[in-house]
Amino acid sequence: MSQQPISLPAKLINGGIAGIVGVTCVFPIDLVKTRLQNQRQGQQVYKSMMDCLVKTVRSEGYFGMYRGAAVNLTLVTPEKAIKLAANDFFRQHLGKDGKGLTVFKEMLAGCGAGMCQVIVTTPMEMLKIQLQDAGRLVAQQQKPVMMSPTKLVATNTMLSRSYNSCTVASSPRAMSATQIAMELLRTQGVQGLYKGLGATLIRDVPFSMVYFPLFANLNRLGKPAPEESSPFYWAFLSGCAAGSTAAVAVNPCDVVKTRLQSLNKGSSEETYSGVVDCISKIMRKEGPSAFLKGAGCRALVIAPLFGIAQVMYFVGVGEYIVDNSPLSVLSA
């Protein structure tokens with residue numbers, strides 16, 4: 001791959017399609033991951049992944065599992081496109097000497113891809129987390145009262161309040177991702193959408209540094225010959241294995257990112273002034289095991305997501321579309 005010219009429009013299309021298909025398949029588990037990571041000791045609403053899924057369906061309906069999916073589906077196309085295309089771009093330029101890439105160069109390419117993707121990932125995660133976690137906050141307010149199977153409303157009140165406010169509104173009103181984004185822009189400016197940028201970087205850069213080299217080497221094992229491509233099923237399995245491994249490896253960073261990006265807090269839930277403060281408070285109050293919250297869910301989300309992404313990417317749907325449409329002029 002690193003020795004052949006790449007068609008950037010085709011790679012962008014591949015990444016976008018892969019992201020949409022993958023997110024649609026695994027989003028409910030991602031919602032569970034966010035809610036489990038935001039739980040504190042003594043305030044658990046959900047006991048496990050299955051318990052969270054069951055309670056979410058009972059209280060919010062089937063579509064409650066897709067709260068925040070719209071913003072993900074909207075932004076996952078540029079996010080996955082940037083991530084996959086940037087990795088290919090860096091691999092191509094790092095491999096110009098005509099030799100295969102070393103593991104170090106593969107990690108450098110992954111590092112570059114991770115740094116590029118946070119431009120989109122940070123605001124996408126910021127908005128998604130507010131919508132995903134709203135159900136947990138409502139359930140916490142209602143505990144131990146039986147949850148009513150009525151339509152869930154978000155606990156977002158006035159985002160113009162300080163991020164350090166722990167108050168949860170007694171009469172919540174529903175807010176869409178667009179409303180949350182506009183309120184953040186009005187009160188905090190562009191930096192409001194990029195809260196948790198540092199935590200996103202320390203999650204996504206190591207993830208890409210682990211994922212892309214591991215995938216490349218696993219995928220290489222399935223090639224019948226050095227010049228041939230591996231079968232699609234091998235690309236899928238390689239993507240799943242590399243994705244789940246990288247996801248678990250950086251899960252502590254994901255917990256920190258989720259906590260920092262949650263604007264609304266439940267009763268008695270602490271706030272954090274930054275990455276270091278968040279890590280120290282979690283370690284002191286919840287112990288090291290708290291950094292593994294949602295690790296299983298994250299592995300279940302990332303494995304098929306990147307498996308599907310790599311299959312779509314290497315099947316070459318984007319190349320076919322570009323070669324058979326007016327978009328071909330873009331790759332000339």
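Considering only the stretch 85-119, how many residues are open to solvent by 20 Å² or more (accessible area, probe 1.4 Å) and either of a type in the set (A, V, I, L, M, F, W, C) or not in a helix (DSSP H, G or I) (or both)?
18
Being assigned to a loop (DSSP other than H, G, I, E, B) and of a type outside the set (S, T, N, Q) is the filter; apply it to the stretch 1-16 and report the residue that is modelled with the highest pLDDT.
The qualifying residue modelled with the highest pLDDT is ILE6.
Filtering the stretch 231-286 down to residues that are out of contact with any Phe, Trp or Tyr (no Cβ under 8 Å at 6 or more places or on another chain), basic (Lys, Arg) and at pLDDT 90 or above, which residue is farthest from GLN130 (Cα to Cα)?
Filtering first and then ranking leaves ARG284.
I'm trying to understand the selection: among the residues of the stretch 190-210, which are over 14 Å from the mean Cα position of the chain (by Cα) and either open to solvent by less than 20 Å² (accessible area, probe 1.4 Å) or farther than 23 Å from LEU127 by Cα (or both)?
Correct list: GLY192, MET209, VAL210.
I'm told ALA235 meets every condition in (1) of a type in the set (Gly, Ala, Ser); (2) more than 16 Å from VAL210 (Cα to Cα); (3) open to solvent by less than 10 Å² (accessible area, probe 1.4 Å); (4) without any contact (Cβ under 8 Å) to a residue 60 or more places away in the chain except one. Can you identify the failing condition by its number?
For ALA235, the failing item is (4).
Out of (1) open to solvent by less than 50 Å² (accessible area, probe 1.4 Å); (2) assigned to a helix (DSSP H, G or I); (3) farther than 19 Å from ARG259 by Cβ, what's the single condition that is false for ALA225?
Tallying (1) open to solvent by less than 50 Å² (accessible area, probe 1.4 Å); (2) assigned to a helix (DSSP H, G or I); (3) farther than 19 Å from ARG259 by Cβ, ALA225 fails exactly one: (2).
Which of the numbered conditions does GLY19 fail, given that it passes all the others? Conditions: (1) modelled with pLDDT of 85 or more; (2) open to solvent by less than 50 Å² (accessible area, probe 1.4 Å); (3) assigned to a helix (DSSP H, G or I).
(1)
Go through (1) among the basic types (Lys, Arg); (2) in contact (Cβ under 8 Å) with a residue 40 or more places away in the chain; (3) in contact with a Ser or Thr (Cβ under 8 Å, 6 or more places away or on another chain) one by one and return the number of the condition ARG298 breaks.
Tallying (1) among the basic types (Lys, Arg); (2) in contact (Cβ under 8 Å) with a residue 40 or more places away in the chain; (3) in contact with a Ser or Thr (Cβ under 8 Å, 6 or more places away or on another chain), ARG298 fails exactly one: (3).
Considering the stretch 30-79 alone, what residues qualify as being basic (Lys, Arg) and in a loop (DSSP other than H, G, I, E, B)?
ARG40, LYS47, ARG67
Residues ARG284, ARG298: which one is at negative phi, open to solvent by 10 Å² or more (accessible area, probe 1.4 Å), under 12 Å from the mean Cα position of the chain (by Cα) and not aliphatic (A, V, I, L, M)?
Only one candidate passes the filter, namely ARG298.
The values are calculated or read from the model by the stated rules, or taken from the named source; none is laboratory data. If you're wondering where the values come from, they're calculated on a predicted model, not measured in any experiment. When we count neighbours, we look across all protein chains shown, and the Cβ atoms used for this are built from the backbone with ideal geometry, even at glycine. Keep in mind that these areas ignore ligands, DNA and RNA; they rest on the heavy atoms of the full protein, side chains included. Shrake-Rupley method; radii C 1.70, N 1.55, O 1.52, S 1.80 Å.
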